[in-house]
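Here is the structure we will look at.
The values are calculated or read from the model by the stated rules, or taken from the named source; none is laboratory data. Bear in mind that the values here come from a model prediction, so they are computed numbers and not experimental data. For neighbour counting, all protein chains shown are included, and Cβ atoms are generated from backbone atoms with ideal geometry for every residue, glycine included. Heads up: the accessible areas ignore ligands, DNA and RNA and are worked out on the full protein's heavy atoms, side chains in. Shrake-Rupley method; radii C 1.70, N 1.55, O 1.52, S 1.80 Å.
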There are 2 protein chains.
Amino acid sequence: MTERKKEILELARSLFREKGYTSTSIRDIAAAAQVEPASLYSHFKGKEELLDAICFDMADRFLLAIKEVNDIYFDAVQRLAMAVKNHIGILTSYPDAAMVFQHDWRFLNDERKADFIALRDQYEEGIRDIIRGGIDEGSFNEVDVKFSTLTILSSLNWVVEWYREDGRLSPDEIAENLTKFILIGLKKELPPSYDIVTD
Amino acid sequence: MTERKKEILELARSLFREKGYTSTSIRDIAAAAQVEPASLYSHFKGKEELLDAICFDMADRFLLAIKEVNDIYFDAVQRLAMAVKNHIGILTSYPDAAMVFQHDWRFLNDERKADFIALRDQYEEGIRDIIRGGIDEGSFNEVDVKFSTLTILSSLNWVVEWYREDGRLSPDEIAENLTKFILIGLKKELPPSYDIVTD
DNA sequence: GGTCATCTAACGAACATTCGTTAGGCAAAG
DNA sequence: CTTTGCCTAACGAATGTTCGTTAGATGACC
């Protein structure tokens, strides 16, 4: 991959994020690159190659991250915390790509879309593994594994919609808060001694 | 609103959901309505009026629902449960519109987009109110209100991505599971007597 | 050290197609 | 007799892409 190709890809990422894939024209990208539209075809076969590269780069990052976690950490709580941290780390390190990854993958052609979904399923299976592990260990409630995985991933993924680099919370703080939320929930459990102490 | 207009709107909802707003052409909609493209302009000013109607209809439904909840229910746990149930109820009753509502609102023109965001903020404020109430009552942990609201809403909204009418879980079951998840979390709290009993 | 082939990156022009939209007419229904 | 719903025809603009070509750089071979 040429340096120039990387530059163009980066511009595409930014434009796709801002306006969406279908609403971004080759001419938009060319203008951003200060080049004639036709010149882009010296670097890419076509518009979809850009989307493809962005989506699958991200998919690879996520898959690598979950494999790492599931290879190393034993305890389910620990594994979940690490998975959350990695997930948020990727989202916040590549905010443009993450947005495109989540919104525009469906504009891939049918074949590549199927590939993409397969990779996404693989990732989800990694999360399900963690939850199953936690239940088997006895450290998690006996929840619906499939449902919980979807719910967890949704709360993680939405971060990309509101995260700003100059925001109030750092990526690690976001990950910590999410982990707490997922593990403990909202409801306050009064300490066992509560009644006695305050009486 | 004419009956025919409603029909066309329904077709648009379905197509927008399937292919996205920008990738759906007036000609696609006309074909679905078995009518020439130009004929649609007897019913609508233009393509954006369709998107506009879909998005703001949904916004109205959500706002009405949260107002109901916050007018009637006292207890924060009860209010949150009802808000979740209503939210999931809307998403699952209008799955096409819900998908468009979540994905394509950003293709509204700048003015309407601002209006839309204002309504969304209003809804979020309703959820924040519930959480603040729960903290004040002492029934919720002292969480970051803004962050928690976003996280809760994200886990609710993602349902639209995977919900199928013929799926395993009914809307009410989904809502119950989500409420449990939000309130209690994953981690099993061992009963206070656990150590003693098993020793 | 000169020349020859190859590669990168870009150009301007044109391509066929699709886009949202408008104008004007026509037939049926109230 | 006016309104409604649809028609045919066409508009100008934008779409992704292909074409043949060129300037400049790089490195190998004689």
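Take the residues in the stretch B:102-118 that are within 14 Å of chain A (Cβ to nearest Cβ) and open to solvent by less than 40 Å² (accessible area, probe 1.4 Å), then tell me which one is farthest from B:Q78 (Cα to Cα). I'd like the intermediate steps shown before the answer.
Taking the stretch B:102-118 as the starting set, the residues that turn out to be within 14 Å of chain A (Cβ to nearest Cβ) are B:102-110, B:113, B:117.
Going one step further and asking which of them are open to solvent by less than 40 Å² (accessible area, probe 1.4 Å), we end up with B:102-104, B:108.
Numbers: B:Q102: 26, B:H103: 30, B:D104: 32, B:L108: 35 Å.
Per the criteria, the residue is B:L108.
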For residues in the stretch A:1-46 being within 14 Å of chain B (Cβ to nearest Cβ), in contact (Cβ under 8 Å) with a residue 24 or more places away in the chain and within 13 Å of DNA strand D (Cβ to nearest atom), which is farthest from A:E161 (Cα to Cα)? A:T22
For the structure I just gave you, tell me whether A:D57 is open to solvent by 40 Å² or more (accessible area, probe 1.4 Å), part of a helix (DSSP H, G or I), away from every other protein chain (no Cβ under 14 Å) and more than 16 Å from DNA strand C (Cβ to nearest atom). yes
In the stretch B:26-49, which residues are farther than 21 Å from B:F116 by Cα, in contact with a helix residue (DSSP H, G or I) (Cβ under 8 Å, 6 or more places away or on another chain) and open to solvent by less than 70 Å² (accessible area, probe 1.4 Å)? B:I26, B:D28, B:I29, B:A30, B:A32, B:A33, B:P37, B:S39, B:L40, B:H43
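Can you confirm whether the stretch A:119-139 contains a residue that is among the aliphatic types (A, V, I, L, M), open to solvent by 10 Å² or more (accessible area, probe 1.4 Å), part of a helix (DSSP H, G or I) and under 28 Å from B:R168 (Cα atoms)? Talk me through it step by step, then tell me what you get.
Applying the first criterion (among the aliphatic types (A, V, I, L, M)) to the stretch A:119-139 yields A:119, A:127, A:130-131, A:135.
Now narrow it down to the ones that are open to solvent by 10 Å² or more (accessible area, probe 1.4 Å): A:119, A:135.
With the extra rule that they be part of a helix (DSSP H, G or I), the set shrinks to A:119, A:135.
Checking the rest, the ones that are also under 28 Å from B:R168 (Cα atoms) come to A:119, A:135.
Within the stretch A:119-139, one or more residues are among the aliphatic types (A, V, I, L, M), open to solvent by 10 Å² or more (accessible area, probe 1.4 Å), part of a helix (DSSP H, G or I) and under 28 Å from B:R168 (Cα atoms).
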Only one of (1) out of contact with any helix residue (DSSP H, G or I) (no Cβ under 6 Å at 6 or more places or on another chain); (2) within 24 Å of A:R164 (Cα to Cα) fails for B:F116. Which number is that? (1)
Near pairs, Cβ below 6 angstrom, 6+ apart or cross-chain, from the stretch A:76-96 (free of Cβ contacts under 8 Å to residues at least 40 places away in the same chain) to any residue that is buried (at least 21 other Cβ atoms within 10 Å of the Cβ): A:M82/A:V69
Pick from the stretch A:60-75 the residues that are buried (at least 18 other Cβ atoms within 10 Å of the Cβ) and touching a residue at least 60 places away in the same chain (Cβ under 8 Å): which of them is farthest from DNA strand D (Cβ to nearest atom)? A:V69
